[in-house]
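Below: one structure, written as structure tokens.
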Amino acid sequence: MKQMGKEIFEKLFIEFPELESCRNDMEKAFRMIKQCYESGGKVMVCGNGGSAADSEHIVGELMKGFLLKRKIPSRDIESIKAVYPDDADYLSENLQGALPAISLVSQMSLVTALINDLGMDMMYAQQVYGYAQKGDVLIGLSTSGNAVNVVNAVKIAKAFGVQSVGMTGMSAGIMKNLCDVVIKVPSDKTYEVQEYHLPVYHAICAALETEFFGV
């Protein structure tokens, strides 16, 4: 992890000292996702309710500039110039470097079809089966660690060589023994778990951005 990424983590633990218990698992999650991106993979994210909103939030931080301006590489600028020489400057200046990520909660037509045809418990598992490539990472958010649709998505991920990061409350439920890494924040109250999840994934996303787009 680059120095700036380390500083992001240290700032988190100063502001939220109770999250120190999550340090090792946060660092493991960071390394896992970093390796995924270095290998050309992508991240998939899922959750329910407030955790569904967090899923989309995580994707937003990965797919565009978060704390840094992410200029696209010169080779990509040249590719744009080769096809659209007149528009190349505008297009290049208004694109940002991306860390590929998909929110499995976002495609309403697909999600409602899956719920209707397969059942809510398989709505994320089917998407993992359709999207996943070996080396990708699935992030599953469940305050209890027992959300069946998230659990089934993790099971399918594991079957097809996709590693998983679980973000849960302190007890971690089923996901405790299922995910490759589980970040267990120090509460089992739903709203407190969700409040802790936000600074945790912000720190991980910011550290990843620094790793790939920092100086």
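Rule-based calculations on the coordinates, nothing more; no lab input. Note that the structure is predicted; figures quoted are calculated from it, not measured. Backbone-built Cβ (ideal geometry, glycine too); neighbour counts: all protein chains shown.
So the values come out like this:
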| quantity | calculated |
| --- | --- |
| Extreme residue, farthest from residue 143 (Cα to Cα), among residues of the range 21-31 that are over 11 Å from the mean Cα position of the chain (by Cα) and not acidic (Asp, Glu) | 31 |
| Residues of the range 12-51 satisfying the condition of being outside any helix (DSSP H, G or I) and either more than 20 Å from residue 99 (Cβ to Cβ) or among the acidic types (Asp, Glu) (or both) | 16, 48, 49 |
| Subset of the range 141-167 that is more than 16 Å from residue 22 (Cβ to Cβ) and touching a strand residue (DSSP E or B) at 6+ places or on another chain (Cβ under 6 Å) - its residue that is surrounded by the most Cβ atoms within 10 Å (Cβ to Cβ) | 150 |
| Residue in the range 168-184 that is of a type in the set (Asp, Glu), out of contact with any Gly (no Cβ under 6 Å at 6 or more places or on another chain) and surrounded by fewer than 16 Cβ atoms within 10 Å (Cβ to Cβ) present | no |
| Filter result for the condition that a residue is within 17 Å of the chain's Cα centre (by Cα) and in contact (Cβ under 8 Å) with a residue 40 or more places away in the chain, over 41, 49, 60 | 41 |
| Residue satisfying all of: in the range 81-108; farther than 30 Å from residue 54 by Cα and among the charged types (D, E, K, R); surrounded by the fewest Cβ atoms within 10 Å (Cβ to Cβ) among these | 86 |
